[in-house]
Amino acid sequence: MREARRSEKRGREVRHLASRWLPVVLVLAILGAGVGAYRFEWGQRYLPWLAADPVTEPEAVLPPAGLDLPEWDPAVDDAAPMVQGADIAPDKVAAAVTPDLTDPDLGKHVVGAVSSLTPGSPVWTTGDGRYLPASTTKLLTLGAALATLGPDHTFTTRVVRGEAPREVVLVGGGDPQLASQPVALAEAESTYPARADVTTLALTAAKALGGRGRVKVSFDDSLFTGPTDNPAWRRDYVPDDIASPITALMVDSGIAPDRLSRSDDPSLAAAQVLASALGAAGLKVVGEPQRVVVPSGTEELASVESAPLSQIAERILDVSDNEGSEVIAHQVGLAVSGEGSFEGGAEAVLQTLGGMGIDVTGDEVYDGSGLSRRNRVSTATLLALLQRAAGPDGEAMRNIVTGLPVAGFTGSLTYRFAEGPPVARGLVRAKTGTLTGVHALAGIAVGRDGEPMAFVFGADKSPDAKKLDAQQALDRAAAALAACRCSQPTG
């Protein structure tokens, strides 16, 4: 919990301690995230090495092979002083990562940057610095969203009265995780974060309508504007169900009820869920849902709230949720310029980062997910963002650090890092990025000397036939950081 109720003096003390304790806190958070992964929906589903029941006997859950976790010591003096994290030694970093970053399977254009978590500290770089970021773009999107909207921000989906008698309107609030149905009771404890759903919304609305009679359903998705298919995407992404059309009223990330395809009109699909649920609640639904725009001040019948943005951001990063990140980018556009669109969102993300003092000169961003092959970002931009989010001034954005997948444990890194030093499993957190011929990793690695390092690796001209080999080369480079004593004395 935040220290909001404490005195200003105490707040300054906490921030000071946080800046000095951060390296150790990150190490403990990384280790704890792996052991505690059962809290998340992907924990029991994607971690086959979990033989014990993590709910009833978490102490019996085993780590992956090759990873030794330290003994738990509850007797820690939280007030004990810590030495500020050391800078990296660029020559040591170069010796550690160069053999893997020069792997020919990575292709002709490879970039890399490594630094400590202290802004302005020495940086080791290779390549020209600009690369096609793929899904590492999501770090920019979510960092800007957390800074602009705040980690406690939620998104509201409403049912209001329509203009016609007995008409109800489902109004989209741009909830990126809105579901059609509530989570089954048996899965509720292992689902993270909690999700608002249209069926529960319908039950509340039906009660407000007296639970009987005729009703007509309409829907309003006017919060977002512009095309629902990004012009900067490949033309087949939406038609071939690689990505959903992006609207302010989506359920199940645009996945159709058959779970085999994506909805051509996610907003209509959401309204159909509401109509079906109202019918199941005893009302007689007439006609097909129609798109409308409701005036402000319309009487509200029911509403549901999303989880806080902090939790949504962690989920999006963990599973690399393209639709979720695009909805969030639209929300950033709304907050910054009033334009909730692909273009408005992309411009607002860069504007927000620039306003923090992060140099985005020359960066080109066309979407929030990284699906666009037109995106070009400097490794310095990602490095500065990670440093900011991990530092004492980055409390609002901290969830882009805590939400990074953990090597060998969670999310998109659950089955990666099989090669290279096994110590990396648990000590590397990184966002992945993958498109045809493109591979990227950006995150934080903790070296053998206990010092955390921010890193960004990318290869955007890799032969497609070598995609697995290229991916493994980047994994080995990040693992080499975890196995390296790459710091040097400061001062």
Legend entry - Search result, residues across region 214-224 that are touching a strand residue (DSSP E or B) at 6+ places or on another chain (Cβ under 9 Å) and buried (at least 21 other Cβ atoms within 10 Å of the Cβ): VAL215, VAL217, SER218, PHE219, ASP220, ASP221
Inset, instruction - Output yes when any residue across region 380-391 is assigned to a loop (DSSP other than H, G, I, E, B), among the polar types (S, T, N, Q) and either at pLDDT below 95 or closer than 20 Å to SER310 by Cβ (or both), and no when none is. - result: no
Inset, instruction - Count, please, the residues in region 273-292 that happen to be buried (at least 17 other Cβ atoms within 10 Å of the Cβ) and assigned to a helix (DSSP H, G or I). - result: 6
Legend entry - Test: GLY211 is on the phi > 0 side of the Ramachandran plot and surrounded by fewer than 16 Cβ atoms within 10 Å (Cβ to Cβ): yes
Legend entry - Flag for ASP469 being touching a residue at least 24 places away in the same chain (Cβ under 8 Å), open to solvent by 30 Å² or more (accessible area, probe 1.4 Å) and in a helix (DSSP H, G or I): yes
Legend entry - Selection within region 180-195 - open to solvent by 10 Å² or more (accessible area, probe 1.4 Å) and either of a type in the set (Phe, Trp, Tyr) or outside any helix (DSSP H, G or I) (or both): SER180, GLN181, PRO182, VAL183, ALA184, GLU189, SER190, THR191, TYR192, ALA194, ARG195
Legend entry - Filter result for ALA113 (open to solvent by less than 30 Å² (accessible area, probe 1.4 Å) and not β-branched (Val, Ile, Thr)): yes
Legend entry - Among the residues listed as THR156, THR141, THR137, THR148, the single one being open to solvent by 10 Å² or more (accessible area, probe 1.4 Å), closer than 30 Å to ALA430 by Cα and polar (S, T, N, Q): THR148
Legend entry - Residues of region 472-488 classified as surrounded by fewer than 23 Cβ atoms within 10 Å (Cβ to Cβ) and out of contact with any strand residue (DSSP E or B) (no Cβ under 8 Å at 6 or more places or on another chain), total: 4
Legend entry - Selection within region 250-272 - farther than 28 Å from LEU435 by Cβ and either open to solvent by 50 Å² or more (accessible area, probe 1.4 Å) or not small (Gly, Ala, Ser) (or both): PRO257, LEU268, GLN272
Inset, instruction - Any residue in region 89-100 that's under 8 Å from CYS486 (Cα atoms) and open to solvent by 50 Å² or more (accessible area, probe 1.4 Å): show its pairings with residues that are outside any helix (DSSP H, G or I) and hydrophobic (A, V, I, L, M, F, W, C) at Cβ separation under 6 Å, as long as the two are six or more apart or on different chains. - result: LYS92/CYS486
Legend entry - Identity of the residue in region 293-306, part of a loop (DSSP other than H, G, I, E, B) and at negative phi, that ends up modelled with the lowest pLDDT: SER296
Inset, instruction - Could you list all residues from region 293-321 that are surrounded by fewer than 14 Cβ atoms within 10 Å (Cβ to Cβ) and either hydroxyl-bearing (Ser, Thr, Tyr) or in contact with a Ser or Thr (Cβ under 9 Å, 6 or more places away or on another chain) (or both)? - result: VAL293, SER296, GLU305
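The values are calculated or read from the model by the stated rules, or taken from the named source; none is laboratory data. This one's a predicted model, so the numbers in the text were calculated from it and none came from an experiment. Neighbour counts run over all protein chains shown; Cβ positions are idealised from the backbone, glycine included. Protein only, heavy atoms only, side chains kept; ligands, DNA and RNA dropped before computing areas. Shrake-Rupley method; radii C 1.70, N 1.55, O 1.52, S 1.80 Å.
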